[in-house]
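A short write-up of the structure that comes next.
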Amino acid sequence: MTERSTDRDYDAIVIGAGFSGLAILHHLREIGLRTVVLDGEDGVGGTWHVNRYPGVRTDSEYSYYSYSFSKEVREEWNWTERYPSGGEVLAYLNFVADRLDLRRDIRLNTRVEAARYDEAANTWVVETADGERLTTKYLVSGMGVLAEAVYPAIPGIDDFQGEKYHTARWPREGVDLSGKRVGLIGVGASGIQIVPAVAAQAEEFFVFQRTPNFVVETNNDAVSDRDLEWLRANYDAVYEKAANHPFGVAMEPAEHSALEVSPEERRRIFESKWNEGGFHFANECFNDLATNHEASELASEFIRSKIAEIVTDPATAELLSPRSYSFNGKRVPTGHGYYSAFNREHVHLVDTASTPITAITERGVRVGDTEYELDVLIFATGFDAMTGTLTKIDIVGRGGRTLRDKWAEDGLKSNLGINANGFPNFFMSLGPQTPYSNLVVPIQLGAQWLQRALAWAEANDVEYFEATPESEDWWREETEQAGRGTVMYSEGKKAKAWFLGENIPGKPEEFQVYMGGGQVYQRYCRELEESGYAALLHRAAEPTSADAA
Ligand code: NAP
């Protein structure tokens, strides 16, 4: 094995102390790499550290929204809700950080502003906001995929004199909404979670909706001691099931097409999975809701019928029913009393599709000629997804070229979302073109893949891994092809979905995620490994073989 260069401060620097960063630190430490995690926040948890809006909780169930790699964590952590609250997930990640003794290698309040590859020294130089420069052989991004919050380009946005919050930057001390007139812009997965929680507190609540969503309502339950006992006995099987599912959920993939059963049978199946709630509806009814437009339209019609059942005012029910695109055109959001919140007298749905928001004023939001006066304005307006965190800072590879410029000039390119040509020894956890999935599964499998890859690199005197141009072309083509066959493409374009980049004005339409299935993606990762990482350029000091690992 190569002598580690003590000229560098670290063997690996990981940016971000969320689900990715914690898993990667643990796995790289296990192979003896001197690793540090840098995070600009004052606590671990990443997404869950900053998204503290009322109602925030997981959309996936506790049993597979967690790491499976640590026996100690599995045995000792007790989940309390089937869909854990954001606070519970944050407590879990803090528990993981303590139990695996990760904190001694995590530097908080350390914001990375740039990272530059020094070609002559084969070293990354990481620059922090405090002007510190740290050197490392391997640079790993765990910066998060839905982390670069965006505000809408509405005139007057800075004029508002009341309180103003983005869901992704909610104040830690909370916000007292009682007795207040509150406005919400945005009804994606974040807005949908916040609606019932704000409705329970605010005096008057105005929900400004441009595009309605197909919300799958969810039954949350307490997790019993028996549930936990069962999970502890079956953790590996649950995890394997999730890893083998296209969307990373521990569910049996549905076997039948929505088109091959009678209308009565279809309604019965939709009804039973609707009652089970959440992603069970999306994943367990039929096998073609994401691939066949007609099937997706049948699911849409069922959800519209549910909206009409739940929402008492027919005009409001109709406004809440998407008509311009069908089910799966947006990332399916789960609800916890979303539709029924609109039955409360002080909750008002304002349709900004027919009459757009014209301005944000000092006092509120103007829709057409009507000004809605507000004390608090909440933005649940989403993220520059997948690429936003990576292009916001300067990641500078060979020849002084940034990742931002590479993707702007050449299109979105990577090898399996893990590496990029021109950026030697730079790795991404959940980089663009990784699976559209419950993210904890690809995070954990990715950390384990990286552990084996870097152990092999170290054992074989590999100076650097770098995606070949051919591997990037292949993966871009595969990503686009896999995506274009889905409803997410035809309907996502209409719905301006973030997974196509459509939610950000000027962002090119490209698949930001791999729609071909998490299990297919993992097979490609295994093949790359079994090939001796052939699609990653590497240079050995002495001739060796993969067998030497
Ligand atoms: P989002 O899905 O991108 O939704 C943004 C919302 O803001 C949309 O309703 C959009 O309307 C609206 N909007 C944006 N610009 C606007 C403008 N100028 N005028 C009016 N409305 C505007 O963002 P998100 O809800 O934060 O969710 C993003 C992703 O984060 C989710 O898809 C999910 O993957 C993840 N997430 C996960 C969880 C969880 O697992 N628990 C929770 C929350 C979020 P249009 O649709 O008309 O553009």
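Derivation of every value follows stated rules applied to the coordinates shown; laboratory data play no part. In this text the structure is predicted, and so the values were computed from the model without any measurement. Glycine also receives a Cβ, built like all others from the backbone with ideal geometry; neighbour counts cover every protein chain displayed.
Against the 2.2 N^0.38 Å scaling, with N counting residues, where does region 237-370 land? I'd like the Cα-based Rg ratio to two decimal places.
Working: Rg = 18.0 Å, N = 134, 2.2 N^0.38 = 14.1 Å.
Dividing the Cα radius of gyration by 2.2 N^0.38 Å gives 1.27.
How big, on average over all directions, is the shadow cast by the Cα convex hull of region 207-295, in nm²?
Values: hull surface 32.7 nm².
One quarter of the hull surface, i.e. the mean projection, equals 8.2 nm².
Given the -39500 (n - 2.57) contribution per DSSP H run of 4+ residues, what per-residue ellipticity at 222 nm results for the chain, rounded to the nearest 500 deg cm²/dmol? Walk me through the numbers before you get to the answer.
On the way: 17 runs with 186 residues, N = 549.
Theoretical 222 nm ellipticity from helices: -10000 deg cm²/dmol.
What is the order of T291, T355, T123, fewest Cβ neighbours within 10 Å to most?
On the way: T291 16, T355 12, T123 19.
Arranged by neighbour count, lowest to highest, T291, T355, T123 become T355, T291, T123.
At 37 °C and 0.692 mPa s, what whole-number value in µm²/s does Stokes-Einstein give for the translational diffusion of region 77-181, with Rh from the Kirkwood sum over Cα pairs?
Working: Rh = 18.4 Å.
The Stokes-Einstein estimate is 179 µm²/s.
Of all GluC sites (Glu not before Pro) in region 126-165, which ones are in loop regions per DSSP and have a Cβ with at most 15 other Cβ atoms within 10 Å? Please list the in-between numbers first.
Details: sites: E127, E132, E148, E163; in loops: E132, E148.
Taking region 126-165 and a limit of 15 other Cβ atoms within 10 Å, the loop GluC sites (Glu not before Pro) found are E132.
If every alpha-carbon in region 1-74 counts as one equal scatterer, what log10 I(q)/I(0) does Debye give at q = 0.17 1/Å?
Normalising to I(0) and taking log10 leaves -0.79.
Once phi is turned into ³J(HN,Hα) by the Karplus curve 6.51 cos²θ - 1.76 cosθ + 1.60 with θ = phi - 60°, what whole-Hz value does each residue of region 126-139 show in order, with x for glycine and proline?
Each residue of region 126-139 in turn: 9, 10, 9, 4, 7, x, 7, 10, 10, 10, 7, 7, 10, 10 Hz.
What list do you get for S20, S340 if you sort them by fewest beta carbons within 10 Å?
Details: S20 30, S340 16.
Result, fewest neighbours first: S340, S20.
List the aspartates and glutamates whose alpha-carbon lies under 12 Å from that of K392, not counting same-chain residues fewer than 8 positions away?
Qualifying aspartates and glutamates at Cα under 12 Å: E113, E148, D384, D405.
What ³J(HN,Hα) values, in whole Hz, does the Karplus curve 6.51 cos²θ - 1.76 cosθ + 1.60 give for region 448-454 when θ = phi - 60°, with x put for Gly and Pro?
Computed from phi, the couplings for region 448-454 are 6, 5, 5, 4, 5, 5, 6 Hz.
I'd like the per residue volume of the convex hull spanned by the Cα atoms of the chain, given in cubic angstrom. Mind dumping the intermediate values first?
Working: hull volume 82.8 nm³, N = 549.
Output value, Cα hull per residue: 151 Å³.
May I ask for the net charge around N109, where only other residues with Cβ less than 14 Å from the Cβ of N109 are counted and Lys, Arg are +1 while Asp, Glu are -1? If you can, show how the numbers build up before the last one.
Numbers: positive: R103, R107, R111; negative: D39, E41, D42, E113, D130, E132.
Net local charge, N109 excluded: -3.
Can you pull the three principal axis extents for the Cα set of region 138-296, in Å, largest first?
Sorted from largest, the Cα extents of region 138-296 read 54, 46, 39 Å.
Provide the packing ranking of 356-367, 232-243, i.e. peptides ordered by the mean count of other C-beta atoms within 10 Å per residue, highest first. Could the numbers behind the result be given before it?
On the way: 356-367: 17.7, 232-243: 15.8.
Ranking, from highest mean packing down: 356-367, 232-243.
What angle, in degrees between 0 and 90 and rounded to the nearest 10, separates the Cα long axis of helix 189-199 from the longest principal axis of the Cα atoms of the chain?
Once rounded, one gets 50 degrees.
Which aspartates and glutamates, if any, have their Cα less than 18 Å from the Cα of K180, not counting same-chain residues under 8 positions apart?
E163, E203, E204, E345, E362, E371, E373, D375
Using alpha carbon centroids, what distance separates region 330-405 and region 1-61, in Å?
Cα centroid to Cα centroid, the span is 28 Å.
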